[in-house]
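Below is one structure, written out as structure tokens, with a few remarks after it.
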Amino acid sequence: MKGWGVLLVLCFWACAERDNPYDPANRAARTADTGVKLPVPSTSIRVVLPDSSGSRSSAYYGNIQAALADLNPGDTLWVQGNRTYPISGLLRVSHGGARLLPVVIRSYGGIARILARSSVANCLLIDTGGGAVHISGFAFVGATGPAILASGVAGDIWIDSCRIDTSLAAIEMRDITGTVHIHDVTMTADSLNPPVSFTNTSVLDTARLRW
């Protein structure tokens, strides 16, 4: 009987070792994770990659303005973060969404830095037709005028988790019939006055606005 007891103990020990997740022999083999993680492309996702990224499908663009011009209601434009995008002219959002289908423009993998070259007045312009747009995760640097300018927009505008580095006005909103939401935005401006301007804007929703 003693021999049978030893045999049963050995069997239980072998089964426990076989199922032990901490045993390296029982762990699944891992492959090296290389390359940039991208959102899964679909008809409602646009992805901007660096110009040196090589081949792209129809949902991928080599520059931000080309992707902005192709946005439709409900689209999300993903811009690769931890990268600087120099612009020699303003980025224009003239194709917005709807209240329940906004156009979303956001970075992934870190902050995307929009750098205006000399004499560029605005980094981002939202004009007529550009309502119901949500902008998140960007740093706007170097504009000679308001870094974000919105004018004549019949719809809501969201700006959140952004940084604006300018020596002038940071945000200017004119003739906005929707609600302007500005949350978690940090602005650096050489001015004693708030570096924001709102003219004929019906409703403001601001939180954690710092300068």
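The values are calculated or read from the model by the stated rules, or taken from the named source; none is laboratory data. Bear in mind the structure is a predicted one, so any value in this text is a computation, not a measurement. All Cβ positions, glycine included, derive from the backbone under ideal geometry; neighbour counts span all protein chains shown. These accessible areas exclude ligands, DNA and RNA; they are computed on the full protein's heavy atoms, side chains included. Shrake-Rupley method; radii C 1.70, N 1.55, O 1.52, S 1.80 Å.
Within this structure, Ile111 fails the test of being at pLDDT 90 or above and buried (at least 20 other Cβ atoms within 10 Å of the Cβ). Taking the residues in the range 114-134 that are in contact with a Pro (Cβ under 9 Å, 6 or more places away or on another chain) and part of a strand (DSSP E or B) as candidates, determine which candidate is surrounded by the fewest Cβ atoms within 10 Å (Cβ to Cβ). The extreme case among them is Leu115.
Among the residues of the range 124-140, those that are free of Cβ contacts under 8 Å to residues at least 40 places away in the same chain and within 16 Å of Ile64 (Cα to Cα) comprise Leu124, Leu125, Ile126, Gly130, His134, Ile135, Ser136, Ala139, Phe140. Quick one: what pairs do we get from the range 65-91, first residue on the phi > 0 side of the Ramachandran plot and open to solvent by less than 30 Å² (accessible area, probe 1.4 Å), second in a strand (DSSP E or B) and aliphatic (A, V, I, L, M), C-beta under 6 Å, 6+ apart or different chains? Within 6 Å, no pair qualifies.
For the range 135-142, the condition holds for at least one residue, the condition being that it is open to solvent by 10 Å² or more (accessible area, probe 1.4 Å), over 19 Å from Thr177 (Cβ atoms), modelled with pLDDT under 90 and among the small types (Gly, Ala, Ser). Tell me, please, whether a residue that is surrounded by 16 or more Cβ atoms within 10 Å (Cβ to Cβ), closer than 16 Å to Leu77 by Cβ and without any contact (Cβ under 8 Å) to a residue 60 or more places away in the chain can be found in the range 162-181. Yes, that holds for at least one residue. Got at least one residue in the range 173-185 being modelled with pLDDT under 90 and farther than 18 Å from Ser202 by Cβ? Within the range 173-185 (the criterion being modelled with pLDDT under 90 and farther than 18 Å from Ser202 by Cβ), the answer is no, since none of the residues qualifies.
Only a single item in (1) modelled with pLDDT of 80 or more; (2) outside any loop (DSSP other than H, G, I, E, B) is not met by Ala98, and it is number (2).
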